[in-house]
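For reference, the structure is listed below as structure tokens.
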Amino acid sequence: MSDLQVEQRDHIVTVTLDRPPVNAVDNEVFGQLHEVFSGLGDDRNVRAAIFTGAGRKAFCAGADLKPTRTKPRAERHPQELTDAGRVAREAMWAIIDCDVPVVGAVNGAALGAGLALAACCDMLVASETATFGTPEINVGLLGASAHLLSMMGRHKAREMFLTGEAVSAAEMHRIGAVREVTDPDRLMDTARELAGVLASKSPIAMRLAKESMNRTEHLSLREAYRTEQDYTARLLRFEDSREARRAFRERRDPDFKWE
């Protein structure tokens with residue numbers, strides 16, 4: 001794809017946003033992201049994904065404020081005219097709903113839509129030089145407050161959203177939104193190590209685990225735990241579940257076979 005590099009190594013797919021100079025996104029990029037992440041679950045050999053940006057300047061510096069690829073109105077899908085944000089939402093939902101866990105490797109600025117895309121990942125690692133922010137308020141726009149709230153508490157989210165100020169990777173690590181902050185040279189190795197841990201689990205269990213968390217995230221405790229129990233019952237029907245317990249008892253690595 002013109003703006004995305006997609007590489008598979010072993011059981012891990014790395015998706016790199018490559019749109020110089022700052023990896024800004026437009027509807028074309030959002031469409032590509034939707035296509036890639038919604039399709040990763042079709043391959044049984046894919047067990048985890050990494051999402052990053054090319055270079056060290058920006059993971060994604062937000063929406064392209066000088067769009068050069070806008071289609072004439074007559075060529076746009078009707079829903080692009082009546083619901084201009086739909087393409088962006090569907091790209092974000094594709095990351096959230098991706099069948100396999102997605103590790104975000106934030107290599108530079110994650111601003112506006114870039115922060116939202118990072119927030120949609122399941123886990124984040126970040127370079128020491130990375131920054132996070134929602135500067136839309138400074139350019140007459142709004143956006144990503146809900147994504148901020150998914151990453152941090154109410155008051156910090158409001159502080160960042162209303163001031164437009166960016167914060168460091170170290171601060172995001174302090175509040176628990178980022179798993180690890182690394183030297184820029186170690187960022188992708190760190191992301192691959194984490195993705196490797198995820199890929200070592202039963203692929204059936206991992207897919208059911210992610211789906212169950214997506215479904216329970218905003219439910220009450222009572223409804224969420226009942227839903228999780230239902231997913232556990234589904235998992236117990238698979239041979240991979242029994243193999244995981246056998247391997248644990250026998251102190252060996254499991255041999256998962258998608259059964």
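The values are calculated or read from the model by the stated rules, or taken from the named source; none is laboratory data. Here the structure is a predicted model, which is why all the values come from computation and not from measurement. Note that each Cβ is placed from the backbone with ideal geometry, even for glycine, and that neighbours are counted across all protein chains shown.
Among strands (runs of 3 or more DSSP E) entirely within the range 1-72, having at least 2 residues that are surrounded by 13 or more Cβ atoms within 10 Å (Cβ to Cβ), touching a strand residue (DSSP E or B) at 6+ places or on another chain (Cβ under 8 Å) and β-branched (Val, Ile, Thr) singles out 12-17, 48-53. When the test is whether a residue is closer than 17 Å to Ala105 by Cα, exposed (fewer than 12 other Cβ atoms within 10 Å of the Cβ) and within 20 Å of the chain's Cα centre (by Cα), Gly176 passes it. Strands (runs of 3 or more DSSP E) fully within the range 93-179 that include at least 2 residues being in contact (Cβ under 8 Å) with a residue 40 or more places away in the chain: 102-106, 109-111, 123-127. In the range 56-66 there is at least one residue that is closer than 28 Å to Asn214 by Cα, among the aliphatic types (A, V, I, L, M) and at pLDDT below 95. No other residue among Arg226, Arg245, Arg207 is farther than 30 Å from Leu141 by Cβ, in contact with a helix residue (DSSP H, G or I) (Cβ under 8 Å, 6 or more places away or on another chain) and assigned to a helix (DSSP H, G or I) apart from Arg207. Thr190 meets the conditions (1) more than 18 Å from the chain's Cα centre (by Cα); (2) of a type in the set (Ser, Thr, Tyr); (3) in the same structural domain as Leu40 (by TED's automatic domain parsing) in every case but one. The failed one is (1). Selection of the range 180-189 for residues being part of a helix (DSSP H, G or I) and not charged (D, E, K, R) yields Pro184, Leu187, Met188. Here Glu75 clears all of (1) exposed (fewer than 14 other Cβ atoms within 10 Å of the Cβ); (2) at pLDDT 95 or above except the condition numbered (2).
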